[in-house]
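K.L.:
Can you read through this structure? Questions will come right after.
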Amino acid sequence: MNDPTTTDLVLTAAVLLWLLSRQLRERPLREQPVAGLVLLAIGAVQTGWYATVRPLSVRDGALVAASLVIGIALAAVRAYTVRLAVRDGRVTRRGTPLTAVLWVAGLGQHFLIDTQVAAGLGAVTVLCYFGVVLLAQQWVLVARAGAAGLRGPSRAAAAAAGLPGR
């Protein structure tokens, strides 16, 4: 397992499984996206290290940026596949099978860039990608909850918004 590609793939699979397990369980909706920030920070450090060892072309940067833009768009769509509810006075979120499919599709499009950019760049930027798209999804979810009147949620607000409550 000393091969960087194998290590990157194992790390990517582990993070994807962790994200999916979190996405598909009912959890409180938090406004402070700690996981996304941590993944983005680690990914930015990895990407920066890679760029110092192997200078990137403008084309490489543009393709990675395009992948992030596509990922953000998919994150916005994915956020609408997540169910919001109020449980015990708190807004909760729970992804659906379509949420998981969109996560895999987004990751797949990110790895497609690996065929067109400097060797290994797609794998090196994957944690950065996960962080950016997780932050985008979280922003849309918080905006949805706010638009539904669920900031400082109550059962009355949930009922008025047509969301299930306990």
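K.L.:
Going by what's in this entry, would Asp60 be described as open to solvent by 20 Å² or more (accessible area, probe 1.4 Å) and charged (D, E, K, R)?
P.N.:
No.
K.L.:
List the residue pairs whose Cβ atoms are under 8 Å apart, where the first residue sits in segment 88-107 and is among the polar types (S, T, N, Q), the second is in a helix (DSSP H, G or I) and surrounded by 13 or more Cβ atoms within 10 Å (Cβ to Cβ), and the two are 6 or more positions apart or on different chains.
P.N.:
Thr99/Gln23; Thr99/Arg78
K.L.:
Okay, moving on. Can you give me the number of residues within segment 64-101 that are open to solvent by 50 Å² or more (accessible area, probe 1.4 Å) and among the hydrophobic types (A, V, I, L, M, F, W, C)?
P.N.:
Adding up the residues that qualify gives 7.
K.L.:
Something else now. Cβ-Cβ distance below 9 Å, separation of 6 or more or different chains: which pairs start in segment 38-63 with a residue that is over 24 Å from Leu134 (Cβ atoms) and end on one that is open to solvent by less than 60 Å² (accessible area, probe 1.4 Å)?
P.N.:
That search, which allows pairs on different chains as well, returns Arg54/Ala118; Arg54/Gly120; Arg54/Leu121; Pro55/Ala118; Ser57/Val117; Ser57/Ala118; Arg59/Val117.
K.L.:
Residue by residue through segment 6-48, note down the ones that are out of contact with any Leu (no Cβ under 9 Å at 6 or more places or on another chain) and under 21 Å from Arg87 (Cα atoms).
P.N.:
Result: Ser21, Arg22, Gln23, Leu24, Arg25, Glu26, Arg27, Pro28, Arg30, Glu31, Gln32.
K.L.:
Moving to a separate point now. How do the pairs read when you match residues in segment 112-136 that are of a type in the set (D, E, K, R) with residues anywhere that are in a helix (DSSP H, G or I), using Cβ under 7 Å and keeping only pairs 6 or more apart or on different chains?
P.N.:
Partner pairs satisfying both residue conditions: Asp114/Leu121; Asp114/Gly122; Asp114/Ala123.
K.L.:
Continuing with the same structure: Quick check: is even one residue across segment 37-45 open to solvent by 80 Å² or more (accessible area, probe 1.4 Å) and in a loop (DSSP other than H, G, I, E, B)?
P.N.:
Checking segment 37-45: not a single residue is open to solvent by 80 Å² or more (accessible area, probe 1.4 Å) and in a loop (DSSP other than H, G, I, E, B).
K.L.:
Mind listing just one residue for me: the one in segment 120-149 that is within 20 Å of Arg27 (Cα to Cα) and open to solvent by less than 10 Å² (accessible area, probe 1.4 Å) and, of those, farthest from the chain's Cα centre (by Cα)?
P.N.:
Ranking the candidates gives Ala145 first.
K.L.:
Can you run down the residue pairs with Cβ atoms below 8 Å, 6 or more apart or on separate chains, where the first is in segment 10-35 and of a type in the set (D, E, K, R) and at pLDDT 90 or above and the partner is open to solvent by 40 Å² or more (accessible area, probe 1.4 Å) and outside any helix (DSSP H, G or I)?
P.N.:
Pairs that qualify, where the first residue is of a type in the set (D, E, K, R) and at pLDDT 90 or above and the partner is open to solvent by 40 Å² or more (accessible area, probe 1.4 Å) and outside any helix (DSSP H, G or I), are Arg25/Arg94; Glu26/Arg87; Glu26/Arg94; Arg27/Arg94.
K.L.:
Given the criteria among the small types (Gly, Ala, Ser) and out of contact with any Asp or Glu (no Cβ under 6 Å at 6 or more places or on another chain), does Ala118 qualify?
P.N.:
No.
K.L.:
In addition: Where residues in segment 1-36 are touching a strand residue (DSSP E or B) at 6+ places or on another chain (Cβ under 8 Å) and either more than 26 Å from Leu141 (Cα to Cα) or among the hydrophobic types (A, V, I, L, M, F, W, C) (or both), which of them is surrounded by the fewest Cβ atoms within 10 Å (Cβ to Cβ)?
P.N.:
Among residues in segment 1-36 that are touching a strand residue (DSSP E or B) at 6+ places or on another chain (Cβ under 8 Å) and either more than 26 Å from Leu141 (Cα to Cα) or among the hydrophobic types (A, V, I, L, M, F, W, C) (or both), the one surrounded by the fewest Cβ atoms within 10 Å (Cβ to Cβ) is Leu24.
The values are calculated or read from the model by the stated rules, or taken from the named source; none is laboratory data. All figures in this text were calculated on a predicted structure; none of them were measured in a lab. Cβ sites come from the backbone with ideal geometry, for glycine too, and all protein chains shown count toward neighbours. Each accessible area value is taken on the protein alone, full model and side chains, heavy atoms only, with ligands, DNA and RNA left out. Shrake-Rupley method; radii C 1.70, N 1.55, O 1.52, S 1.80 Å.
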